[in-house]
Amino acid sequence: MDKRETIRVEEADAGSRIDQFLTAKYPQYSRSYFSKLLKNRFITVNDEPVKSGYKLKSDDEITVAFHRETIHLRPAAISLDIVYEDEHLLVINKAAGMTVHPGKGTEEDTLVHALLHHVHTLAEDGQKERPGIVHRLDKYTSGLLVVAKSETALVKLRAQFETREIHRTYQALVWGKPAEEQGVIQTCIARSKKDPTKMTVTTAGKEAVTRYRLIRDFEYASLLEIELDTGRTHQIRVHMNYIHHPVIGDPDYNGRESQLKRLPPNLHKRGRHLLKILPHQALHAKKLSFIHPLSEKRMEFDSALPEPMAEAMKKLPDLFLLG
């Protein structure tokens, strides 16, 4: 039976498009899924159907009937780096450039399609576009993901994610060096009203807490270890940009050519060379820890930095450490 939920719009979300608001609130569903619900009048605002571009107002009452649609996902023979597998779950080391699940603009060749080729079936709970998916990584963020093969594993792993019992540790190369060698960034994050594909720090979004620790200082760049207390969309990338140390290579949050100005003029060419090595954000989900949903044993995994980040680490001393 389809489930139904009602949401009251808060002042902080006023002005947001309804499809983008719902995608942010229910990250397990895609924007295209909500667009279809809106088109077929499974979503109403104040008991009236609206279009995907409807701009929310404070105190609007949204009613969503989560319709179980039929989606045919075709397995794709795409190579996967499988770190661990048993009858209930897999741990994948996702490559940068691979989208996790189908959605608007990406209908094929996602991690889900590759997984279906490998295991044939994944756990479902009505979210047909995202079978087995417990948590996500951005398309160009690499690293460790846990995927559920059984429905029991899916339910229990998602519960751990909600209660923050799944621990993830990232490594990132950022521009410059933070003033403190370790620190906590605590702000609110919401979808940008100027560009809804991006997130931004606001005074009235959802709380986001990021912890970082300096691992290595290259004078004009740093390697950080980062942990999340919350799991907001683009959280690390937004927070690093917020403290003026954006992730190197990040095209959406000031991590590319705009940062060359912070280098001495004689290092601009070297900075451009670094960006050639890092065509996308230098962000890697390096460690993953969770309680196995059936055995209840703590599982811990660690993955090496991807080749672009590893190469950058080798080159950075010669590029920026001039002393």
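The values are calculated or read from the model by the stated rules, or taken from the named source; none is laboratory data. Since this is a predicted model, take the numbers as computed values, not measurements. Virtual Cβ from ideal backbone geometry, glycine too; neighbours counted across all protein chains shown.
Assigned to a helix (DSSP H, G or I) and among the polar types (S, T, N, Q): which single residue out of Ser222, Ser258 fits that description?
Numbers: Ser222 fails: assigned to a helix (DSSP H, G or I).
Only one candidate qualifies: Ser258.
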Taking the condition of being crowded, with 17+ Cβ neighbours inside 10 Å and either in contact with a helix residue (DSSP H, G or I) (Cβ under 8 Å, 6 or more places away or on another chain) or part of a helix (DSSP H, G or I) (or both), how many residues in segment 148-197 meet it?
21
Taking into account only those residues within segment 234-255 that are in a loop (DSSP other than H, G, I, E, B) and β-branched (Val, Ile, Thr), which is farthest from Tyr140 (Cα to Cα)?
Ile243
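Being touching a His at 6+ places or on another chain (Cβ under 9 Å) and in contact (Cβ under 8 Å) with a residue 24 or more places away in the chain is the requirement here; does Ile243 meet it? I'd like the intermediate steps shown before the answer.
Numbers: touching a His at 6+ places or on another chain (Cβ under 9 Å): no; in contact (Cβ under 8 Å) with a residue 24 or more places away in the chain: yes.
Spelling it out, it is not the case that Ile243 is touching a His at 6+ places or on another chain (Cβ under 9 Å) and in contact (Cβ under 8 Å) with a residue 24 or more places away in the chain.
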Can you tell me which residue is modelled with the highest pLDDT among those in segment 99-121 that are buried (at least 19 other Cβ atoms within 10 Å of the Cβ) and touching a helix residue (DSSP H, G or I) at 6+ places or on another chain (Cβ under 8 Å)?
Thr99
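Report yes if Gly271 is modelled with pLDDT under 95 and of a type in the set (Gly, Ala, Ser), otherwise no.
Numbers: modelled with pLDDT under 95: no; of a type in the set (Gly, Ala, Ser): yes.
Taking the combined requirement at face value, the residue does not satisfy it.
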Determine if segment 238-260 includes at least one residue that is crowded, with 16+ Cβ neighbours inside 10 Å, under 30 Å from Leu154 (Cβ atoms), β-branched (Val, Ile, Thr) and touching a strand residue (DSSP E or B) at 6+ places or on another chain (Cβ under 7 Å).
yes
With the requirement that a residue be within 17 Å of Ser192 (Cβ to Cβ) and touching a helix residue (DSSP H, G or I) at 6+ places or on another chain (Cβ under 6 Å), what does segment 22-55 give you?
Leu22, Thr23, Arg31
When Asn254 is run through (1) in contact (Cβ under 8 Å) with a residue 24 or more places away in the chain; (2) within 22 Å of Arg270 (Cα to Cα), the failure sits at (1)
Options Glu296, Glu300: the member that is over 23 Å from Cys188 (Cα atoms), over 22 Å from the mean Cα position of the chain (by Cα) and of a type in the set (D, E, K, R)
Glu296
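Kindly establish whether His280 is outside any loop (DSSP other than H, G, I, E, B), within 19 Å of the chain's Cα centre (by Cα) and touching a residue at least 40 places away in the same chain (Cβ under 8 Å). I'd like the intermediate steps shown before the answer.
Values: outside any loop (DSSP other than H, G, I, E, B): no; within 19 Å of the chain's Cα centre (by Cα): yes; touching a residue at least 40 places away in the same chain (Cβ under 8 Å): yes.
So His280 fails the test.
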How many residues are out of contact with any helix residue (DSSP H, G or I) (no Cβ under 7 Å at 6 or more places or on another chain), assigned to a helix (DSSP H, G or I) and not charged (D, E, K, R) if we restrict to segment 285-319?
5
